[in-house]
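Below is one structure, written out as structure tokens, with a few remarks after it.
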Amino acid sequence: MCGRFVTAIEWTEIAELYDAQEATGRLPDASWNVAPTDTIGIVLDSAKTGTRRLEPARWGLVPGWADDASVGARAINARVEDVGSKPTFRKAVIRRRAIIPALGYYEWKRVGPRKQPYFVHGGGLPLAFAGLYEWWRNPQAAPHAPDRWVLSATILTMQAAEPMSLLHDRVPVLVSPELSDLWLDPAVAGSPALLGRVSSRSTEIARELELHPVSAEVGDVRRNGPHLIEEVELDLASLPGLEVEHPLQPDEWEAVS
């Protein structure tokens with residue numbers, strides 16, 4: 001599950017990294033607390049124009065058949081195991097795949113009587129979430145209104161393997177650099193074989209991720225700023241029944257499960 005993430009990255013560097021054209025819309029400012037329905041940046045290969053673009057999109061995929069955009073709030077994640085059979089995602093996975101760049105994401109784990117947030121990241125390097133995108137036509141908007149067409153996206157998730165499974169049973173699917181062109185190519189169908197290949201490589205990448213506990217302040221969507229990803233000390237002495245010195249060590253996580 002990925003319900004909050006960080007996009008404090010330079011979009012010009014992302015465009016250069018993926019050899020993508022400038023966005024046609026305004027990309028979002030840096031955010032350390034991206035929440036569902038917020039505007040995010042996505043990389044896509046357009047089947048219509050044959051170009052690779054970095055575009056702003058609404059987080060939460062809105063399928064073309066939706067009556068209104070609010071359904072996207074329930075589609076921020078898509079399970080890679082059954083994405084091809086879900087009405088919301090099955091058309092997008094065939095030709096409309098994207099990469100969603102992020103500095104990292106947050107995950108919560110119960111530690112004693114409370115849930116403790118952790119920041120999961122790549123040591124300062126951007127992560128590449130596997131995503132899907134859709135264009136939705138707003139039936140209430142005028143033909144030439146700026147909100148006539150809404151671009152939205154979702155993040156694929158998969159079953160976690162150790163050590164990440166000790167934090168949560170789901171993790172975002174990460175696209176490795178050598179598979180990014182294949183993943184984005186709309187001429188390549190989003191088959192189970194492609195999904196399996198990207199997911200298998202993602203498991204390897206996830207083993208190299210880093211994480212540390214952060215302030216519970218991140219749970220408030222109104223809070224933002226670089227202080228949210230700073231590591232905090234856990235007062236384990238105040239948590240009865242715990243006999244670990246630091247719950248970040250993989251061999252100790254089971255003690256706080």
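Only the coordinates and a few stated rules stand behind these numbers; no lab work does. Values in this document were obtained by computation on a predicted structure and should not be read as measured data. Here the Cβ positions follow ideal geometry from the backbone for every residue, glycine too, while neighbour counts run over all protein chains shown.
For segment 96-176, the calculated P(r) over all alpha carbon pairs, in 10 Å bins from 0 to the bin holding the longest distance, is 16, 34, 25, 17, 7, 1 percent. Hey, how many Å between the Cα centroid of segment 128-169 and the Cα centroid of segment 182-199? Each part's Cα centre sits 17 Å from the other's. Assuming charge only on the beta carbon of Lys and Arg (+1) and of Asp and Glu (-1), the dipole of the chain about its Cα centre is about 1440 debye to the nearest 20.
The phi torsions of segment 217-222, fed into the Karplus equation with coefficients 6.51, -1.76 and 1.60 and a -60° offset, translate into couplings of 4, 5, x, 9, 5, 7 Hz, rounded to whole numbers, with Gly and Pro shown as x. Projecting the alpha carbon convex hull of the chain along each direction and taking the average yields 14.0 nm².
Of the peptides 122-131, 94-103, the ranking by mean beta-carbon count within 10 Å, highest at the top, reads 94-103, 122-131. Within segment 50-148, the ratio Rg/Rh, alpha carbon atoms throughout and Rh by Kirkwood, equals 1.04. Dividing the helix sum by the residues of the chain, where each DSSP H run of 4 or more adds -39500 (n - 2.57), gives a mean residue ellipticity at 222 nm of -3000 deg cm²/dmol. Exposure proxy for ASP38, ASP220: other Cβ atoms within 10 Å of each Cβ, ordered fewest to most, give ASP220, ASP38.
Each peptide in 172-178, 140-146, 67-73 gets a packing score, the mean of other Cβ atoms within 10 Å over its residues, and the list from highest to lowest is 172-178, 67-73, 140-146. Using only Cα atoms, find the angle between the long axis of helix 192-206 and the longest principal axis of the chain, and express it within 0 to 90 degrees, rounded to the nearest 10. The two axes meet at around 40 degrees. Hey, if you drop one equal point scatterer on each alpha-carbon of segment 86-237 and run the Debye formula without solvent, what base-10 log of I(q)/I(0) do you get at q = 0.12, 0.21 Å⁻¹? Listed by q, the Debye log ratios stand at -0.63, -1.28.
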